[in-house]
Structure formats: structure tokens, C-alpha cells
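Some notes on the structure that comes next.
None of the figures in this text is laboratory data; all of them are computed from the coordinates on show. Everything numeric in this text was worked out from a predicted model, so none of it was measured. Virtual Cβ from ideal backbone geometry, glycine too; neighbours counted across all protein chains shown.
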Amino acid sequence: MKWVTTANVHFDRVASPWLIKRFIDPQAEFVFVPRDQVNTRPADAIPLAIPGTELGPHDENGTTFTKLVKKYKITDPAILHMAQVVEKGVKFVLEGYRPAITDRDGQIGVGFLAFSDGMVLHKSTDQERLDASYIAYDALYALFKANKGLVLAARNDGGASEPGGRA
């Protein structure tokens, strides 16, 4: 299927295409339109993060990522965990949310925002940004899938570091 979103993808509009490609529509194609030209979007494309549509941009009903999870009834705990990360990252930008040092999901969300900011500078087209970013979302999914959201199994010590220890 074809999906359409606004140009200059960032964070939620990168995480959402990743979710679509990995869990909803592996053959998905993405089209990007300027924000001031959303009314000229292809009629045969599913609108994504476009105001006034079912899967609109982040609002009081959640991020676009969360809306996709709900619409397509995705129940994978790792995906639900990723939805929390995306929610917190968006809240950081839009609502001034600042995660506590103990808020792992919030900290990851802020880190993924920085990654998205860098990707905007690193890649010149939206499709290049999506393609280059998918590996990071694959890695986050693998981490949450392996750890079931509890601890970092990737650490050599198998658990959280002690005060003054490795992070």
C-alpha cells in the first residue's frame, strides 16, 4: 500500500513508518508532501500524521505511533514499550516534559529525539532518513523484546549498575 505524510519526517513520523514496515505493511511505500499542500496528497495513499485524518499527528489521543498500535491491534509488549518511549519523546518537545534520571523510557525518548535531529542534518531526503533510521528502531525493538522492559540483558553484569559503577 501507499502511505502519505508531510515532508521533513522526524521522530514520530519516523517511528510510525518503521512500525508500518515491520508490523503492518511490509511492502509499504511512503510519499511525502509539503505541509501546506496536504490537500494535494495522492488519493490512493493512506494519510499518516496529517491533520484531520484518522491517523493524524500527535494530539490528546496520543502519538501517530500509538494510534497505529491501537488501530492495528498490536499487542507485542516490546511495541507497547516503544509506544511509551515515543509518547515521552513527543511530550519532551511539546509539553516541556523532562524525564527524571530514573525514567528510562523518557531518557530513551530524549535520546531518540537527538538521533532524529541529527538524521535531519545527515540525510537530505525523507526516504533516506527513514531508511537510515530503521536500524535504530530495530535495535530498540530487539532490546525491549529481549529484556521484556525490565533490565538490560545487553550488559555484561546482567543488571543495573550500582552507584559509582558503569552506566
For helix 77-95, what angle does its Cα long axis make with the longest principal axis of the chain, in degrees from 0 to 90 and rounded to 10? 80 degrees
Computed over the chain: longest principal axis from alpha-carbon atoms vs helix 104-122 long axis, angle to nearest 10 degrees, is 50 degrees
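So if we plug the beta-carbon distance of Ala146 and Ala7 into 1/(1 + (r/R0)^6) with R0 = 35 Å, what FRET efficiency do we get, rounded to 0.05?
Calculated value: 0.50.
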Who wins for biggest fluctuation among Thr66, Thr53, Thr102 in a Gaussian network model of the chain, springs between alpha carbons below 10 Å? Thr102
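Determine the relative contact order of the chain: mean sequence separation of Cα pairs under 8 Å and six or more apart, normalised by residue count, in whole percent.
Reported as a whole number, the value is 22 percent.
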I'd like the distance between the alpha-carbon centres of the stretch 7-26 and the stretch 86-142, rounded to an integer number of Å. 12 Å
Which order do Ser16, Ser133 fall in if you start with the one that has the fewest other Cβ atoms within 10 Å? Ser133, Ser16
Taking only the alpha-carbon positions of the stretch 2-147 as identical scatterers, the Debye log10 I(q)/I(0) at q = 0.09, 0.19 Å⁻¹ comes out as -0.25, -1.21
Taking Cα atoms, the helix 126-147 axis meets the longest principal axis of the chain at an angle in degrees (rounded to 10) of 40 degrees
Quick one: net charge of Ala132's neighbours, Cβ under 13 Å, K/R +1, D/E -1? -2
Among Thr66, Ser116, Pro47, pick out the residue whose Cα is farthest towards the positive end of the charge dipole of the stretch 2-147, where Lys and Arg carry +1 and Asp and Glu carry -1 on C-beta, about the Cα centre. Thr66
